[in-house]
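Report on the structure given below.
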Amino acid sequence: MPRPALLLALVLGALLGAATLLSPVVWVAVVAYHVVLLGVAVLDAQRLPRARGFIAERRLPRPLSLGAQQLVTIHLEHEDARGHWVEVADHVSQDLAPGARVLRGVLTRTSIDLAYPVRPPHRGAYRFGDIDVRCARPIGLWARQVRIPAAEVVAVYPNILAIREYELRLRRGMPIQSGVRRARPPGASTAFAGLRDYVRGDDARRISWTASARRDAPVTTVVEAERGQQVVIAIDCARLMTAPAGALSKLDHGVNSALLLAWVAQSQGDRVGLLTFADGVRDYLAPQRGPAQVSRINQRLYAVPAEYTEADFGAAFAYLSARLNRRSLVIVLTDVLDPEASSELVQHALRLAGRHLVLVVAMSDPEVLAARDRPVDSAARVYEWAAAEELLAARRRSFEILRRGGVLGLDVRAGELSVSLVERFLEMKERALL
């Protein structure tokens, strides 16, 4: 492909040719100029790297994680391209929200890595196409463009990166949320779980003096609640969960938090199960222990569809009651409206709470919260604030009815769901509520 320098040289040649109208002697200069330009252009073309020598490899997380920003790296190699500049265009689905269309760099060696971010907004399979590469010398007249076959299909699963981040925090002895500590009631059985840095307010009796002497800083012993409970995560896949809540839908927020919660529960030694439902039960995975169960849950969550039907809580909770032969923690990821609209959920959750411990989890709409929290500076804002506050007050009444009946509730912003749900789960275990 011609570069701007070659086009500029041709324009100059055309202007020089126009000067022949003034004097025929200029033809000698015109011919000499174009002969030299032709020779330079041929020589520059021959010095370009051969098309067959390009090797491109796409490196990306496998699988991609839903809603998380991740890097896709293009590794480009050519033995004869040292010192050349390159442009790389990856044919990626726009549904993955790529951060750049064209990547640029200089091959200071025989290879280069160029990266761009993606943030998948939905689960499923996405297709990557071939990779286009354009290469040229810094002051060259031509650029070599080649298309390298690299088509592939990549799956987007629930957010696995959140599990890795949680594992990293555990290894470093960091709390899930800064400054949050959970109390243990008298009589709850505990076991040694590790060490962490002392935080003001910790029980002085939990200080490990041996570890403190080694680190030359106060260190606290961390204990955990009794293991071996049974947890079932029930996900509502019906109409209300299809609503957007920030970058993801409420269902996708729920799917991400369910995967992280399943991993945390199995790491605590608990049995974990999964139920998905809409106007009927869609899938059920009986509670089991171990990392293999988390992998099975991840596979099921990958295929959870959103349905534009009304949720049948009665059928879902009756299905659970018939299959859970011991007291379990049932975590219901759904949406809660006013008491009248959520009457079926409230009625069947209260009935299920007679035998099991039930936690109803709902996600607040960020736009509704923003409408309530923005300054009221106009008459229109008064009506907007009143409508938002009325919606939130109705949700609070629904949760209050559940609380009176012995059903626990959690209402959080959609983007804070995963962390808040795990924190609440660990708090319940340490308080020996199960």
Checking Gly228, Gly280 in turn, the sole residue that is in contact (Cβ under 8 Å) with a residue 40 or more places away in the chain, surrounded by fewer than 24 Cβ atoms within 10 Å (Cβ to Cβ) and over 18 Å from Arg123 (Cα atoms) turns out to be Gly228
Scanning the range 258-276 residue by residue, those of a type outside the set (A, V, I, L, M), on the phi < 0 side of the Ramachandran plot and either surrounded by fewer than 23 Cβ atoms within 10 Å (Cβ to Cβ) or at pLDDT below 95 (or both) turn out to be Trp263, Gln266, Ser267, Gln268, Asp270, Arg271
Going residue by residue through the range 393-415, is there one that turns out to be farther than 22 Å from Gly246 by Cα and among the acidic types (Asp, Glu)? yes
>> Kindly evaluate Asp132 against the criterion of being at pLDDT below 90, buried (at least 16 other Cβ atoms within 10 Å of the Cβ) and farther than 19 Å from Leu260 by Cβ.
In response: no
In the range 145-184, anything buried (at least 19 other Cβ atoms within 10 Å of the Cβ) and modelled with pLDDT of 90 or more is listed as Val154, Val156, Tyr157, Pro158, Asn159
Per the filter on the range 304-329, residues touching a residue at least 40 places away in the same chain (Cβ under 8 Å) and open to solvent by 60 Å² or more (accessible area, probe 1.4 Å) are Pro305, Tyr308, Glu310, Tyr319, Arg326, Arg327
Scanning the range 191-200 residue by residue, those open to solvent by less than 60 Å² (accessible area, probe 1.4 Å) and at pLDDT below 80 turn out to be Ala191, Ala193, Gly194
Scanning the range 13-30 residue by residue, the ones that are without any contact (Cβ under 8 Å) to a residue 12 or more places away in the chain, among the hydrophobic types (A, V, I, L, M, F, W, C) and surrounded by 12 or more Cβ atoms within 10 Å (Cβ to Cβ) total 3
Here the residues within the range 392-409 that are touching a residue at least 24 places away in the same chain (Cβ under 8 Å) and either part of a helix (DSSP H, G or I) or open to solvent by less than 20 Å² (accessible area, probe 1.4 Å) (or both) are Leu392, Ala394, Arg395, Arg397, Ser398, Phe399, Ile401, Leu402, Val407
Of the residues in the range 231-248, those that are buried (at least 19 other Cβ atoms within 10 Å of the Cβ) and of a type in the set (Gly, Ala, Ser) come to Ala234, Ala238, Ala245
Across the range 47-89, the tally of residues that are open to solvent by 20 Å² or more (accessible area, probe 1.4 Å), touching a Phe, Trp or Tyr at 6+ places or on another chain (Cβ under 8 Å) and farther than 28 Å from Leu260 by Cβ stands at 1
(1) farther than 28 Å from Gly228 by Cα; (2) in contact with a Pro (Cβ under 8 Å, 6 or more places away or on another chain); (3) not aromatic (Phe, Trp, Tyr) all hold for Arg271 apart from (1)
Filtering the range 283-298 down to residues that are open to solvent by less than 70 Å² (accessible area, probe 1.4 Å) and of a type in the set (D, E, K, R) yields Asp283
Pro375: passes all of (1) open to solvent by 60 Å² or more (accessible area, probe 1.4 Å); (2) in contact (Cβ under 8 Å) with a residue 12 or more places away in the chain; (3) over 30 Å from Asn159 (Cβ atoms) but (2)
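The values are calculated or read from the model by the stated rules, or taken from the named source; none is laboratory data. Just so it is clear, the structure is predicted and the values come from calculations on it, not from any experiment. Every residue, glycine as well, gets a Cβ built from its backbone with ideal geometry; the counts of neighbours run over all protein chains shown. What goes into the accessible areas is simple: the full protein's heavy atoms, side chains included, and nothing from ligands, DNA or RNA. Shrake-Rupley method; radii C 1.70, N 1.55, O 1.52, S 1.80 Å.
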